[in-house]
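Worksheet: the structure to be examined is printed underneath.
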Amino acid sequence: MQFSRNAVLSCQILGAHPLRTLLSITGVVAGIAAVILMVAFGQAAERRILERIGRMGTNLITVNAAPARLMIGRQRTVGTVTSLTVQDARALAEECPHVTAAVPAVSKSLVVHGEGRNTTTTVIGMDADGFRVRSVPLASGRPFDADDDRLRKRVAVIGQTVRRNIFGTADPVGQDIRIGRVLFEVVGTARLRGTDATGMDQDDVVFVPLQTAMRRLLNVPYIQSIYVQVDGSVWMDRVERDVRDLLRERQRLAEGRPDTFTIQNQQTLLRTERDAAQAMTRLIGGVAGIALLVGGIGIMAVMLMAVRERTREVGLRRALGARPRDIRVQFLVEAALLAGSGGVLGVTVGVAGTLAAAFLGGWDASVSWTAAAAALACSLAVGMVSGIVPALRASRLEPIQALRAE
């Protein structure tokens, strides 16, 4: 009953000064709303990163030919190491434990002609396992198979961007395209994949059999990349070491000499991207925490002002039998109401802002109710802590001196 009367009295007192009450909780509202928004967008960014990296393949290690060092102390990109071969890929699949597949690949930017239109796109030559290893599902038609690769058939699977640029809305399966000067038949189209972790369009691509690309398109005896799939994420770091050791052995690189290839571990890339997203979320969370602290200072200032304004009221209550504890509870309840109302308003603003941004900006952001509850609890804690000093000051007023105050 005593608490209920204190709560009602606090609501009446705060309602008597609506503008001051609203200004005092502005910092809390901003802090809570920022926490909810940043957690929502941080989680959405992390999911998007995971999706983009997942589109590149599952448990994937990519070996690329490194730029050739043509000058001592300076790296030039005009040359490329040509020591990676199809046999290297086969050796990785056969000799490295926990490797389920090793797909050799070559790529080059070429002009593709068809239906009176042309576009410049990335042409990738790979063997038939590349569709599974690199997670390239088909939207229509069929993938090329091992026989197509062995016979060097001129067949191609095109991405959705190439399909749109060349054929528009028409069905490209069974149609002919010219890559450079070589005529190819389109046997399938890849499903829409979007951009990868580096922002490159994964749909602006044409896939052709590896041997066809090496002999009929590029006329090269070497490959540029090997996509190594591991049978479990726990083995990624070990397989990366095994791949490096085996390739150095096959290329007869003496100890101390630099690698003639680069290795990109998908797990390392994933950790790096996730750490960057989490660091940004923590940074914004720190800013939100500062806003909450400012809100707490605002509540403390308002409560100290209230103590000064209500000195005679405190003296009258003490003279009528109120104990110091009752006065402390009264002011703590007011501080809690200020912080609680600011927290509720901040949650409302944060949830509304998250939903509005997700709808208008096309983000897949969703409200984290755990973060909302934690932020609300923090706001209440900030309010209680901010109300301690004013409550103690009010409870220590002597009744006679308080009644004499002007």
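The values are calculated or read from the model by the stated rules, or taken from the named source; none is laboratory data. What you see is a predicted model, and the numbers here were worked out from it, not measured in a lab. Glycine gets a Cβ as well: all are built from the backbone with ideal geometry, and neighbour counts include every protein chain shown.
A few notes on this one:
- Within segment 339-362, tally of residues that are aliphatic (A, V, I, L, M) and modelled with pLDDT under 80: 4
- Scanning segment 130-159 for residues that are within 22 Å of Y222 (Cβ to Cβ), buried (at least 19 other Cβ atoms within 10 Å of the Cβ) and in contact with a Pro (Cβ under 8 Å, 6 or more places away or on another chain) turns up F144, D148, D149, K153.
So that you can scan it fast, the table gives a plain yes or no per residue for (1) hydroxyl-bearing (S, T, Y); (2) in contact (Cβ under 8 Å) with a residue 12 or more places away in the chain; (3) over 23 Å from G27 (Cβ atoms); (4) not assigned by TED's automatic domain parsing to the domain that holds L392:
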site	(1), (2), (3), (4)
R328	no, yes, yes, no
A336	no, yes, no, no
A352	no, no, no, no
A356	no, no, no, no
A375	no, yes, no, no
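- Helices (runs of 4 or more DSSP H) contained in segment 1-110 and holding at least 3 residues over 29 Å from A301 (Cβ atoms) and at pLDDT 80 or above: 86-95
- Filtered residue count, segment 168-180, keeping only those that are surrounded by fewer than 20 Cβ atoms within 10 Å (Cβ to Cβ) and either within 25 Å of V99 (Cα to Cα) or not β-branched (V, I, T) (or both): 8
- Hits in segment 208-256 (condition: of a type in the set (G, A, S) and touching a residue at least 60 places away in the same chain (Cβ under 8 Å)): A213, S225, G232, S233
- In segment 135-155, the residues that are in contact with a Phe, Trp or Tyr (Cβ under 6 Å, 6 or more places away or on another chain) and under 27 Å from V230 (Cβ atoms): P143
- Every test in (1) surrounded by 14 or more Cβ atoms within 10 Å (Cβ to Cβ); (2) assigned to a helix (DSSP H, G or I) is passed by Q264 save one, and that test is (2).
Residue-by-condition table, conditions (1) surrounded by 14 or more Cβ atoms within 10 Å (Cβ to Cβ); (2) assigned to a helix (DSSP H, G or I):
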{"site": "N118", "(1), (2)": "yes, no"}
{"site": "T122", "(1), (2)": "yes, no"}
{"site": "A128", "(1), (2)": "yes, no"}
{"site": "I166", "(1), (2)": "yes, yes"}
{"site": "T189", "(1), (2)": "yes, no"}
{"site": "D203", "(1), (2)": "yes, no"}
{"site": "P221", "(1), (2)": "no, no"}
